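A.B. asks: So that we are looking at the same thing, I have put the structure below in structure tokens.
The values are calculated or read from the model by the stated rules, or taken from the named source; none is laboratory data. None of the values given here were measured: they were computed from a predicted structure. Cβ placement follows ideal geometry from the backbone for every residue including glycine, while neighbour counts extend to all protein chains displayed.
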Amino acid sequence: MRAPALALAALGLLLPAATTAADEPTRTAQATTAQAMPAPSEATPGLNETFEIGLSTEQIVIASNFSGARLVVFGALDNADGRILRQGGYDIVVVLEGPKTPLVVREKERVLGLWVNRGSETFNSAPASYTLASTRRLTDIAPQKLLDQLSVGIESLRTDLGRDAETVAPNRDEYANAMRRIRIERGLYQQSFGSIEFVSTTLFRADLVLPADLPVGIHTARALLFRNGVFLRERNVPLRVVKSGFETTVSNLAERHGFLYGVFAVALAIVTGWFGRLAFKRD
């Protein structure tokens, strides 16, 4: 399936499941198409199946009234085996990973009525957000060992790339579980199974519901193709999440000109206090 076919696929996947691109040829959809990328080292050689993906938008803008968003990831299989398609042997996993930033998880303990830090652990490659959709449950798609190698699934996330084993706390798993639990409760980590829809034998779409607390930065949309439990290919597409309006100006000023921002904040506090004293003073 070549680029023109993928463009037609994008039209059908952005419409309801019962509608295809051939039904309404005049409709258009803005989508960014994944460039062909070499498969990771885990990809299985000798299998000809390929696929391409695209996004319903290449940028999400966060304003003061932002309450979350929906991202549609669509794709098309190429050179798929018809018999395996009819048997449902192909599986798709779609993941949107947020920016990877260092995170410190601290354990607190109550001592004499005060909460004090008992210990901490640093995770240098945990994604700030993680949203996953798949055709089936992950353990039904591939073995757990393979999922761990591909970093697919909340429980299989890589959080310590490049860390020396001597610098890792002995109870690191407890901190990692606490980090996952907190982010799941905040809606930053979420996954849904059976939520990828095949609108035809080779065209699929996934609707990802993004939280209101979506972090700003470059996110990565990953799509992974499996055949009867064997990993075949992966495609990645970047997604930009940016702030807009007055909040962006204040954030950029604080980040790029910290000293001037501090002076302005102090001056604004003084002027506000002085004005309030004049307005409400008693004779």
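A.B. asks: List pairs: first residue in region 110-130 and in contact (Cβ under 8 Å) with a residue 12 or more places away in the chain, second residue of a type in the set (Gly, Ala, Ser) and assigned to a strand (DSSP E or B) anywhere in the structure, Cβ distance under 8 angstrom, at least six positions apart or on different chains.
C.D. replies: 128/217
A.B. asks: Moving on. Kindly check whether there is at least one residue in region 239-246 that is without any contact (Cβ under 8 Å) to a residue 12 or more places away in the chain and either surrounded by 13 or more Cβ atoms within 10 Å (Cβ to Cβ) or on the phi > 0 side of the Ramachandran plot (or both).
C.D. replies: Within region 239-246 (the criterion being without any contact (Cβ under 8 Å) to a residue 12 or more places away in the chain and either surrounded by 13 or more Cβ atoms within 10 Å (Cβ to Cβ) or on the phi > 0 side of the Ramachandran plot (or both)), the answer is no, since none of the residues qualifies.
A.B. asks: Any residue in region 228-238 that is aliphatic (A, V, I, L, M), touching a Pro at 6+ places or on another chain (Cβ under 8 Å) and assigned to a strand (DSSP E or B)?
C.D. replies: no
A.B. asks: What is the residue count in region 247-264 for residues that are out of contact with any Leu (no Cβ under 8 Å at 6 or more places or on another chain) and either in a strand (DSSP E or B) or surrounded by fewer than 12 Cβ atoms within 10 Å (Cβ to Cβ) (or both)?
C.D. replies: Adding up the residues that qualify gives 7.
A.B. asks: If you scan region 208-217, which residues turn out to be buried (at least 16 other Cβ atoms within 10 Å of the Cβ) and in contact with a strand residue (DSSP E or B) (Cβ under 7 Å, 6 or more places away or on another chain)? Reasoning before the result, please.
C.D. replies: Step one: of region 208-217, the residues buried (at least 16 other Cβ atoms within 10 Å of the Cβ) are 208, 210-211, 214, 216.
Listed by number, the residues that qualify are 208, 210, 214, 216.
A.B. asks: Does residue 279 fit the bill of being out of contact with any strand residue (DSSP E or B) (no Cβ under 8 Å at 6 or more places or on another chain), surrounded by fewer than 12 Cβ atoms within 10 Å (Cβ to Cβ) and modelled with pLDDT of 80 or more?
C.D. replies: Judged against the criteria, residue 279 is not a match.
A.B. asks: Output the residues belonging to region 184-219 that are in contact with a Pro (Cβ under 6 Å, 6 or more places away or on another chain) and assigned to a strand (DSSP E or B).
C.D. replies: Listed by number, the residues that qualify are 217, 218.
A.B. asks: When region 199-218 is examined, which residues are found to be among the hydrophobic types (A, V, I, L, M, F, W, C) and within 21 Å of the chain's Cα centre (by Cα)?
C.D. replies: Passing the criteria: 204, 206, 208, 209, 210, 212, 214, 216, 218.
Residue-wise test of (1) of a type in the set (Ser, Thr, Tyr); (2) under 19 Å from residue 69 (Cβ atoms).
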position	(1), (2)
200	yes, no
205	no, yes
210	no, yes
225	no, no
230	no, no
244	yes, yes
250	no, no
267	no, no
276	no, no
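A.B. asks: Tell me which of these residue 248 doesn't satisfy, since it passes every other one: (1) under 30 Å from residue 264 (Cβ atoms); (2) at pLDDT 90 or above; (3) among the polar types (S, T, N, Q).
C.D. replies: The failed condition is (2).
A.B. asks: Then there's this: Kindly indicate which of 229, 273 is at pLDDT below 90 and among the small types (Gly, Ala, Ser).
C.D. replies: On inspection, the qualifying residue turns out to be 273.
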